[in-house]
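> Here you go, one structure.
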Amino acid sequence: MEIVFVTVIGAGIGGVIRYLIPGRRTYGLALLPAVGAAATAAVWAILVWFGWPFDGGWIWVASLVAGALASAVVALVLPRSRDAADARALHELSGGRI
């Protein structure tokens, strides 16, 4: 049951990160919460599989930090790559005039 709680909290952290890091015009509303939830749940499941107790504090910290880091990395990398791809597409579509 705790995996549900940590996944929802990870999605909430991803939602907060969406509004803390600029560049949100380049991706959708649900991307960062989905990334945060997925990373948090994956780390939680892996750590439980490795034998970490699910009622311990460190599994919560590690899972939530991983979700926050994954959301932050996507929020930082995606706008730059999308802007570069848009610039390349504009250059190709304009025939090199722009």
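The values are calculated or read from the model by the stated rules, or taken from the named source; none is laboratory data. Everything numeric in this text was worked out from a predicted model, so none of it was measured. Positions of Cβ are generated from backbone atoms using ideal geometry, with glycine treated the same way; all protein chains shown enter the neighbour counts.
> When you scan the stretch 2-24, do you find a residue that is in contact with a helix residue (DSSP H, G or I) (Cβ under 8 Å, 6 or more places away or on another chain) and aromatic (F, W, Y), even just one?
The answer is no; no qualifying residue exists.
> Every residue in the stretch 25-49 that is among the aromatic types (F, W, Y), in contact with a helix residue (DSSP H, G or I) (Cβ under 6 Å, 6 or more places away or on another chain) and modelled with pLDDT of 95 or more, please.
W44
> On to the next question. Report whether or not W52 is exposed (fewer than 11 other Cβ atoms within 10 Å of the Cβ) and touching a Phe, Trp or Tyr at 6+ places or on another chain (Cβ under 8 Å).
no
Residues are listed down the side, and each one gets a yes or a no for (1) closer than 23 Å to S81 by Cβ; (2) aromatic (F, W, Y):
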site: F5; (1), (2): no, yes
site: L29; (1), (2): yes, no
site: A38; (1), (2): yes, no
site: W44; (1), (2): no, yes
site: G51; (1), (2): no, no
site: F54; (1), (2): no, yes
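> Let me ask another. Might you let me know whether the stretch 34-47 holds any residue that is aromatic (F, W, Y), in contact (Cβ under 8 Å) with a residue 40 or more places away in the chain and in contact with a Gly (Cβ under 9 Å, 6 or more places away or on another chain)? Before you say what the answer is, go through the steps one by one.
Step one: list which residues in the stretch 34-47 are aromatic (F, W, Y), which gives 44.
Applying the additional criterion that residues be in contact (Cβ under 8 Å) with a residue 40 or more places away in the chain yields 44.
So of that shortlist, the ones also in contact with a Gly (Cβ under 9 Å, 6 or more places away or on another chain) come out as 44.
Yes - at least one qualifying residue is present in the stretch 34-47.
> A follow-up question, please. Just to be sure I understand the filter: pairs with C-beta atoms under 8 Å, separated by 6 or more residues or on different chains, first member in the stretch 54-73 and free of Cβ contacts under 8 Å to residues at least 12 places away in the same chain, second member assigned to a loop (DSSP other than H, G, I, E, B). Which pairs pass?
Taking only residues 6 or more apart or on different chains, the pairs are W58/W52.
> Sort out which residues of the stretch 64-77 are surrounded by 18 or more Cβ atoms within 10 Å (Cβ to Cβ) and not small (G, A, S), and write them in order of number.
L64, V74
> Scan the stretch 23-49 residue by residue and report those that are under 17 Å from M1 (Cα atoms), within 13 Å of the chain's Cα centre (by Cα) and surrounded by fewer than 17 Cβ atoms within 10 Å (Cβ to Cβ).
A42
> What are the residues in the stretch 1-19 that are without any contact (Cβ under 8 Å) to a residue 12 or more places away in the chain and either of a type outside the set (F, W, Y) or surrounded by 21 or more Cβ atoms within 10 Å (Cβ to Cβ) (or both), if any?
M1, V4, V16
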